[in-house]
Amino acid sequence: MSNVDEPLYPIAVLIDELKNDDIQLRLNSIRKLSTIARALGEERTRKELIPFLSENNDDDDEVLLAMAEELGVFIPYVGGVEHAIVLLPPLETLCTVEETCVRDKAVESLCRIGSQMRESDLVESFIPLVKRLAAGEWFTARVSACGLFHIAYSSAPETSKTELRSIYSQLCQDDMPMVRRSAASNLGKFAATVEYPHLKSDIMQIFEDLTQDDQDSVRLLAVEGCAALGKLLEPLDCVAHILPVIVNFSQDKSWRVRYMVANQLYELCEAVGPDTTRTELVPAYVRLLRDNEAEVRIAAAGKVTKFCKILNPELAIQHILPCVKELSSDSSQHVRSALASVIMGMAPVLGKDATIEQLLPIFLSLLKDEFPDVRLNIISKLDQVNQVIGIDLLSQSLLPAIVELAEDRHWRVRLAIIEYIPLLASQLGVGFFDDKLGALCMQWLQDKVHSIREAAANNLKRLAEEFGPEWAMQHIIPQVLEMINNPHYLYRMTILQAISLLAPVMGAEITCSKLLPVVIAASKDKVPNIKFNVSKVLESIFPIVDQSVVENTIRPCLVELSEDPDVDVRHFSNKALQAIDHVMMSS
């Protein structure tokens, strides 16, 4: 091929691959669009590549999705923002396809391009595109149009702005629920660009129409609009326009709408302000906490701490706490779990006396819940309660329940308890820990579940870091080393793992005098798994000890293991020897 024809080659390959039956080839060529555009140059990209893409109506959604994504970042390849309008036709076509994810990506790319375009181009090309889509015969075009108004509106001349508001209003009353849904979900973004007088009149009228829609899928999207519009309106207007809608939605006949209100209520409270929340929204929230649908109660229970923060403690105790007590014994385990994940945060809000009197009994009942997730959610937030009621009360009331969980038959519950032991240890202090929890930590090293044994070894390391090597030497090391003689090889492996984790914390002296002899003795074990784990441990601890110890003790042991009949033992011992040689050479 001559040099003259060479620039034609990439586009030829692209066209061939785009027409190929193999979807993967078509996808690859679309993903190489930027490379091909660079090879063609800006002018030929505008005149040949983009028109070709506009005409190419591939029937595979994956290819169209890739094209919609690529075109969103294509402005530099067509010659900058002054030529950005050439990218609109192919994306306009993609906005009308049936597959939702392709349309969404095309709208996202159009928004990205529109936000960079010159004002004159927006008026001449982008706004007409939005109008065409909004008047589209097929509902897909009208759905896509709703997501573009916020880009078109800010640069439009006054006459076009009036027209755009009117078109949006028509889309909100469209015959197709999918169009109304799209209009409802994009209303907040559009409203943010509209001038305040029109926001109060036109947009609020559109919003009120959507809140009375006969489709619950439209109404629940209008709930999201409540929070967005509430932040745009002044407080008095917000109370006048948004508050009645929220109160009505909290009693909506569709549980999905009530669920959305429960999910969004904190944001809505922020929009209307604390005073109105106390008088108007508390009754609505109490209704949601007592809703007959479990999903609504789950959403409401998950927001209980956030909601209490807006109220004063007296109101929270008077109105919210009775509901919390009911929820703690709810028939749905998921409601109890949602409550358990946030209830500890109520302690700082209510203060010490109310926590001891009202919340502690609820914590205890949730800690004894039959459903593991409920118990875990309580344990994970214990520190929030400790800050309020102090360690003595916490240990008297909650510790027996924690000890019970440490021996729970569900291994995931035991695992979660182990993970919180260092946190508990730092809160409870060393003396208390030794009395109540020390024995448990050793017990876990001989658990039947590998994940528990692994976590127990990690736990010992974290405790040694928390309380220091001297404490570990007295309370951990002797018990750990005793277990190396356990008849079951899996437990002996756990001890080796614990030694490798503890060695860096304990330092060179204790490692050489106490830990290393046990590891060397284990190299004589009959089980190959123990022997290759000895190699791994020696590899991990040799940097801690002196070079003389490495040469006199560790290397001879590894050399002996490198001649073992078992292939894995030989592999890991040679790997450890190589690591030692590498360090010696570099030093």
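The values are calculated or read from the model by the stated rules, or taken from the named source; none is laboratory data. Bear in mind the structure is a predicted one, so any value in this text is a computation, not a measurement. A quick note on method: Cβ atoms are made from the backbone with ideal geometry, for glycine too, and the neighbour counts reach across all protein chains shown. Heavy atoms of the whole protein, side chains included, go into the accessibility calculation; ligands, DNA and RNA do not. Shrake-Rupley method; radii C 1.70, N 1.55, O 1.52, S 1.80 Å.
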Self-check item: Residue satisfying all of: in region 532-561; acidic (Asp, Glu) and open to solvent by 50 Å² or more (accessible area, probe 1.4 Å); modelled with the highest pLDDT among these
Solution: Glu560
Quiz item: Within region 251-259, is there a residue that is at pLDDT 80 or above, surrounded by 16 or more Cβ atoms within 10 Å (Cβ to Cβ) and among the aliphatic types (A, V, I, L, M)?
Solution: yes
Practice problem: Among what's in region 187-206 and is open to solvent by less than 60 Å² (accessible area, probe 1.4 Å) and of a type in the set (D, E, K, R), pick the residue that is farthest from Glu234 (Cα to Cα). | Solution: Asp202
Practice problem: Would you point out which residue out of Asp564, Asp568, Asp546 is farther than 24 Å from Ala457 by Cβ, in contact (Cβ under 8 Å) with a residue 24 or more places away in the chain and in contact with a helix residue (DSSP H, G or I) (Cβ under 6 Å, 6 or more places away or on another chain)? | Solution: Asp564
Quiz item: Given the structure, is Asp564 at pLDDT 85 or above and in contact with a Lys or Arg (Cβ under 7 Å, 6 or more places away or on another chain)?
Solution: yes
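Conditions (1) touching a residue at least 24 places away in the same chain (Cβ under 8 Å); (2) within 18 Å of Gly72 (Cα to Cα); (3) not hydroxyl-bearing (Ser, Thr, Tyr), marked per residue:
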{"residue": "Thr100", "(1), (2), (3)": "no, yes, no"}
{"residue": "Arg132", "(1), (2), (3)": "yes, no, yes"}
{"residue": "Ala156", "(1), (2), (3)": "yes, no, yes"}
{"residue": "Thr162", "(1), (2), (3)": "no, no, no"}
{"residue": "Gln173", "(1), (2), (3)": "yes, no, yes"}
{"residue": "Met178", "(1), (2), (3)": "yes, no, yes"}
{"residue": "Pro197", "(1), (2), (3)": "no, no, yes"}
Quiz item: Restricting to region 286-297, what's the tally of residues that are out of contact with any Asp or Glu (no Cβ under 9 Å at 6 or more places or on another chain), open to solvent by less than 50 Å² (accessible area, probe 1.4 Å) and either at pLDDT below 85 or farther than 19 Å from Leu243 by Cβ (or both)?
Solution: 2
Quiz item: Looking at this structure, is Ala464 open to solvent by 30 Å² or more (accessible area, probe 1.4 Å) and either under 18 Å from Ile421 (Cα atoms) or of a type in the set (Gly, Ala, Ser) (or both)?
Solution: no
Self-check item: Scan of region 431-481 for residues that are over 20 Å from Pro504 (Cα atoms) and among the acidic types (Asp, Glu), ordered by number
Solution: Asp434, Asp435, Asp447
Quiz item: What's the number of the condition Tyr266 fails, among (1) modelled with pLDDT of 80 or more; (2) open to solvent by 10 Å² or more (accessible area, probe 1.4 Å)?
Solution: (1)
Practice problem: Kindly indicate which of Arg26, Arg38, Arg31 is open to solvent by 60 Å² or more (accessible area, probe 1.4 Å) and under 36 Å from the mean Cα position of the chain (by Cα). | Solution: Arg31
Quiz item: Which condition number in (1) surrounded by 22 or more Cβ atoms within 10 Å (Cβ to Cβ); (2) more than 24 Å from Asn248 (Cβ to Cβ) is the one that Ala300 fails?
Solution: (2)
Quiz item: Restricted to region 108-120, and to residues that are in contact (Cβ under 8 Å) with a residue 40 or more places away in the chain and either of a type in the set (A, V, I, L, M, F, W, C) or touching a strand residue (DSSP E or B) at 6+ places or on another chain (Cβ under 9 Å) (or both), which residue is surrounded by the most Cβ atoms within 10 Å (Cβ to Cβ)?
Solution: Leu110
Quiz prompt | Count of region 171-182 residues which are within 22 Å of Pro128 (Cα to Cα) and either at pLDDT 85 or above or not in a helix (DSSP H, G or I) (or both) | solution = 6
Quiz prompt | Residues being at pLDDT 80 or above, of a type in the set (A, V, I, L, M, F, W, C) and surrounded by fewer than 18 Cβ atoms within 10 Å (Cβ to Cβ) - total across region 207-250 | solution = 1
Practice problem: Report the residue count in region 312-344 for those that are part of a loop (DSSP other than H, G, I, E, B) and open to solvent by 10 Å² or more (accessible area, probe 1.4 Å). | Solution: 5
Self-check item: Filter pass, Val505 being surrounded by 18 or more Cβ atoms within 10 Å (Cβ to Cβ), assigned to a helix (DSSP H, G or I) and within 38 Å of the chain's Cα centre (by Cα)
Solution: yes
Quiz item: What residue, of Leu327, Leu311, Leu350, Leu367, is closer than 18 Å to Ser250 by Cβ and modelled with pLDDT under 80?
Solution: Leu311
Exercise. Go through the residues of region 549-565 one by one and say whether even a single one is of a type in the set (A, V, I, L, M) and assigned to a loop (DSSP other than H, G, I, E, B).
Key: no
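Yes/no matrix, rows are residues, columns are (1) crowded, with 16+ Cβ neighbours inside 10 Å; (2) at pLDDT below 85; (3) within 34 Å of the chain's Cα centre (by Cα):
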site: Ile75; (1), (2), (3): yes, yes, yes
site: Glu82; (1), (2), (3): no, yes, no
site: Cys101; (1), (2), (3): no, no, yes
site: Ala106; (1), (2), (3): yes, no, yes
site: Leu122; (1), (2), (3): yes, yes, no
